[in-house]
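Step one of this worksheet: look at the structure below.
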Amino acid sequence: MPEAPPDDRPALHVESVDVTYGRALSALRSVSLTVPHGAVVALLGANGAGKTTLLRAVSGTLRLHRGAVTGGRIRYGETVLDGKDPVTAVRAAVVQVPEGRRVFAGLSVDENLKSGGLGLTRRDRARTQEARDRVFALFPRLAERTQQAAGLLSGGEQQMLAIGRALMAAPRLLLLDEPSLGLAPQMVDRIAEVIREINAQGTAVLLVEQNAGMALSLADHAHVLEVGETRLSGPAAELARTDAVRRLYLGETAETAEDRGAA
Ligand SMILES: Nc1ncnc2c1ncn2[C@@H]1O[C@H](COP(=O)(O)OP(=O)(O)OP(=O)(O)O)[C@@H](O)[C@H]1O
Ligand SMILES: [Mg+2]
């Protein structure tokens, strides 16, 4: 891929966004965050805090869940994303990997990867081979299993396929929804490595995680959502040191805090 000129470095701006499901269920209230070009930003929060909802608002998939952005603005570079559809997001190179490593179980690895390029323009599709090479370099295990039904892959391999499929759309911003969920520690480490590598190749990442330790070790910046509102925001290293985050998300108890010498 040619080097992007310096003026072509879009950032994601989520500005005071409200999201409502159905007629009344308020899921996000005045949430703001920025993902600068090439950055990794973590989004933490308990079950039901609104993390997935925020990713859906960005990727244009809210409507599929009867949700809508009812206030605020979402922009990626010059492109307005709020109220738009997934094709708009994908064409702007913003691609979501959904929660639960959803792959098409009955389709082969190859067919799953091909589906990731749908919605692209013909010019973008010309880069498909390049994207495939990138996916197979990142995930050699998928390269060995191109004809295998996706449903027969292990959980970790399915997560890799879900990420690989998103990479087929050549994202500049990747939205990852709990990629480590339900995976063995070794596989979680592998996924973390992969995220680091994808980012090093120039793709920005908005990372939703329950595994705060993993997310904060990867991220530049982090935000904590609590029942639809931003509770904390700051540099990841700083958040990892705050008592609230340590207690709520890093498994710290009164005793371990004492061991650490905290008052
Ligand atoms: N399709 C939907 N229709 C109605 N309400 C929904 C829908 N999807 C999510 N919600 C509600 O919106 C709120 C935020 O949900 P969301 O899935 O964004 O949370 P989350 O932070 O991703 O949680 P988890 O960690 O469990 O994945 C919750 O109260 C949830 O019940
Ligand atoms: Mg979720």
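Some notes on this structure:
- Surface per residue (accessible, 1.4 Å probe) for region 101-165, Å²: 51
- Within a Gaussian network of the chain (alpha carbon springs, distance under 10 Å), most fluctuating of Val194, Val14, Val135: Val194
- Ellipticity estimate at 222 nm from DSSP helix runs (n ≥ 4, -39,500 (n - 2.57)) divided over the chain, nearest 500: -10000 deg cm²/dmol
- A cut-off of 5 Å between modelled amide H atoms, ignoring neighbours fewer than 5 places along the same chain, links Glu226 with Arg231.
- Cα-based shape type of region 35-106, given that a ≥ b ≥ c are square roots of the gyration tensor eigenvalues and the cut on a/c is 1.5: rounded
- Mean separation of Cα contacts under 8 Å, 6 or more apart, over the residue count of the chain: relative contact order %: 24
- Expressed as a whole percent, the accessible area of the chain that falls on carbon and sulfur atoms is 51 (1.4 Å probe).
- Percent RCO, i.e. relative contact order, over region 1-115, from Cα pairs under 8 Å lying at least 6 residues apart: 26
- For region 101-165, the relative contact order comes to 59 percent (Cα pairs under 8 Å, sequence separation of at least 6).
The values are calculated or read from the model by the stated rules, or taken from the named source; none is laboratory data. The shown structure was predicted, so the numbers you read here are calculated from the model rather than taken from an experiment. We work out accessible area using only protein heavy atoms, side chains counted, and drop any ligands, DNA or RNA first. Shrake-Rupley method; radii C 1.70, N 1.55, O 1.52, S 1.80 Å.
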